[in-house]
Amino acid sequence: MSTMKVFPTIAPDAYFVSSVPLMGGAGSIGMGIAIARPDKQIWVLDGDASLLMELGSLVTIAEAAPQNFVHILFNNQVQYGGTANLDLPGGGRVDFSSMAVSAGYPIARKIKSSHELIEFISSLKSIKGPIFLDVDVEPDASYYDENTPQKEIFDHQLHRMGEEARRVKEILTNIPLSD
């Protein structure tokens, strides 16, 4: 959920789908797109709390083995960043890279710096997936906490999934978006 706030400003022309309100569904949606479009490299930008909600997706993705699939986990050790910076269940004991390997991902790495991330990403075109990267990041201090209530969610945010479903249709079928 953190990445959906900034990704459109980083890559405004890229195809992207945020899986809100389907927290935990990013990997499964990405896997489906990767299977349908083996000609495209598909990156899933996931969150640690989200992945905890759907750990079974690691096994499903590894079993499907889409070679064009890159699963990047942003690990900020907080849950529900959109509502509160609460500690992630497991208190830092959860080793997502080991879980990905155990699930069957052929490549899983723990990334601790932006330098490591850039170096690994530069090699992605020559590596077959599925690939899992567990990237350490700092929590966003602008999120709400237990003393600051969540702001109202406006209707246009609630309609995002429909708009993004049309984007998925375009990605899968190369049919231009229409109203």
So, first residue within 15 Å of Y105 (Cα to Cα) in the stretch 25-42, second residue part of a helix (DSSP H, G or I) and of a type in the set (S, T, Y), Cβ within less than 9 Å, six or more apart or across chains; the pairs are G27/S50; G27/S57; G27/T60; S28/S57; S28/T60; M31/S57; M31/T60
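Considering only residues that are part of a loop (DSSP other than H, G, I, E, B) and in contact with a strand residue (DSSP E or B) (Cβ under 8 Å, 6 or more places away or on another chain), which ones fall in the stretch 29-45? Lay out the reasoning, then the answer.
If we filter the stretch 29-45 for residues that are part of a loop (DSSP other than H, G, I, E, B), which is where we start, we get 37-41.
Once the filter is applied, which keeps residues that are part of a loop (DSSP other than H, G, I, E, B) and in contact with a strand residue (DSSP E or B) (Cβ under 8 Å, 6 or more places away or on another chain), the stretch 29-45 yields only Q41.
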Of (1) surrounded by fewer than 20 Cβ atoms within 10 Å (Cβ to Cβ); (2) under 19 Å from E163 (Cα atoms); (3) modelled with pLDDT of 70 or more, V20 fails just (3)
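Table: residues versus (1) modelled with pLDDT of 90 or more; (2) aliphatic (A, V, I, L, M); (3) surrounded by 15 or more Cβ atoms within 10 Å (Cβ to Cβ).
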residue	(1), (2), (3)
G47	no, no, yes
V70	yes, yes, yes
Y105	yes, no, yes
S114	no, no, no
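The values are calculated or read from the model by the stated rules, or taken from the named source; none is laboratory data. Bear in mind that the values here come from a model prediction, so they are computed numbers and not experimental data. Ideal geometry is used to build each Cβ from the backbone, glycine not excepted, and the neighbour counts take in all protein chains shown.
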